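The values are calculated or read from the model by the stated rules, or taken from the named source; none is laboratory data. Not measured: the values here are computed from a predicted model. Every residue, glycine as well, gets a Cβ built from its backbone with ideal geometry; the counts of neighbours run over all protein chains shown. Heads up: the accessible areas ignore ligands, DNA and RNA and are worked out on the full protein's heavy atoms, side chains in. Shrake-Rupley method; radii C 1.70, N 1.55, O 1.52, S 1.80 Å.
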Amino acid sequence: MVDFTLTTRQQDLIDQARAVAQRCLAPRATQYDRSGDFPAENFTDLAAAGLLGLLVPTERGGLGADMVTYALTVAELAEACGSTALIFAMHCGATRLLSASGDPAAHETLRSVIDRGTLIAWGFSEPGTGGNVLTPHLRATRTGDGQFTLHGTKAFCTGAGHVDHYLINTHSGESEFRRSQSMFLLPADTPGLTVKETWDALGMRANCANTVLLDAQVPASTCIGGHGGGMPLLAHALPALVVGLAAASLGVARAANGFATAHVTRRVHANTGANLAAYQGVRFQVAEMATTLHTAYLTLLHAAVTADTDPLDALPAMNMAKYVCNTAAISVADTAMQVAGGNGFLRSNPLERHYRDARAGAVMGANLGALRDMIGKAALGLDPRDA
């Protein structure tokens, strides 16, 4: 039996995130959605609250949060602004990877996260490979002077063009799977690293998931974990990435549900004088949303606990959590639109943004089809890497 009771410290950190989200993120969400601009003010506020170091160990100046606290923090942020939550989740995944490394460059970057609010973006999706981060085509080639040449493209890089560092995964050229990846931590001003602004999306519009073009020669010191040493580090970061994406979908689903239930209680039918809650059909729809949300919440908590306590079983649990939370966001947002009627379609109301943002989870990271395949393989005892 898994105990989901939150400790005082967990609740305090989540409450802190909720306060920042409601005070700072929520009032700006519509503005950032309309403009598609990077939510810079939001990250100034998150840095001031110390939340950018949420997954950085306490001995390195961070908050040292567990995965449950992290998941529920991301959900709180996403309920206010989905784009900010996604950028935050990718950043936290990067800090978790760097925290597992003994490299001086990793330690220095973590210190700058704590002291200066430095932001880190992931560069792992590629044209043609999508969310399959285990098979990058971008190669890290050694040069005669001990440096590495990186040549290739990273697609849908969350926050690209607005962060301080990029964490880039490459194929090491090694045939052994465990040695097949090398990770590079590149400053944003690295010569040969160019950001192409390609993000103009249906939802998560302030996500700034632009394209990163690499034609660079970089020193060996930027190769975190050494050549071929990226896979163990990636495995350490993967829970934050998958759980973070799932939690963002849960937060968006909560926001859509919140608008719909508020509409139901305040909307009065002119012919009867009763609000919409008096109608059984509406209550059925509210029940569907409530049940779907609760299921997603419990699935997410289970995955977060498993990621902390049983790493060997974590991946199937995390894949299920992402699948359940992604589909929950789509289902709840769709039902909320039906409940709210024409009001839900008005751009003056936030539900149409939640409706669009809900679709993002289905295509970010492993998509729903890939998740179903991996979940099925795990259930059958098959290797999820087997094509």
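What the table shows:
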{"read-out": "Among residues of the range 359-370, those that are open to solvent by 20 Å² or more (accessible area, probe 1.4 Å) and either among the hydrophobic types (A, V, I, L, M, F, W, C) or in a helix (DSSP H, G or I) (or both), counted", "value": "6"}
{"read-out": "Test: residue in the range 278-291 that is modelled with pLDDT under 95, surrounded by fewer than 20 Cβ atoms within 10 Å (Cβ to Cβ) and of a type in the set (F, W, Y)", "value": "yes"}
{"read-out": "Sole residue being in contact with a Leu (Cβ under 8 Å, 6 or more places away or on another chain), within 19 Å of A246 (Cβ to Cβ) and of a type in the set (V, I, T), chosen from T84, T109", "value": "T84"}
{"read-out": "Helices (runs of 4 or more DSSP H) completely within the range 22-114 that count 2 or more residues being of a type in the set (K, R)", "value": "26-35"}
{"read-out": "Number of positions in the range 136-161 that are polar (S, T, N, Q) and open to solvent by less than 40 Å² (accessible area, probe 1.4 Å)", "value": "2"}
{"read-out": "Count of residues meeting criterion [of a type in the set (V, I, T) and within 13 Å of A80 (Cβ to Cβ)] in the range 28-51", "value": "1"}
{"read-out": "Hits in the range 1-21 - residues which are assigned to a helix (DSSP H, G or I) and either open to solvent by 50 Å² or more (accessible area, probe 1.4 Å) or of a type in the set (D, E, K, R) (or both)", "value": "T8, R9, Q11, D12, D15, Q16, R18"}
{"read-out": "Residue in the range 242-263 that is surrounded by fewer than 18 Cβ atoms within 10 Å (Cβ to Cβ) and charged (D, E, K, R) present", "value": "no"}
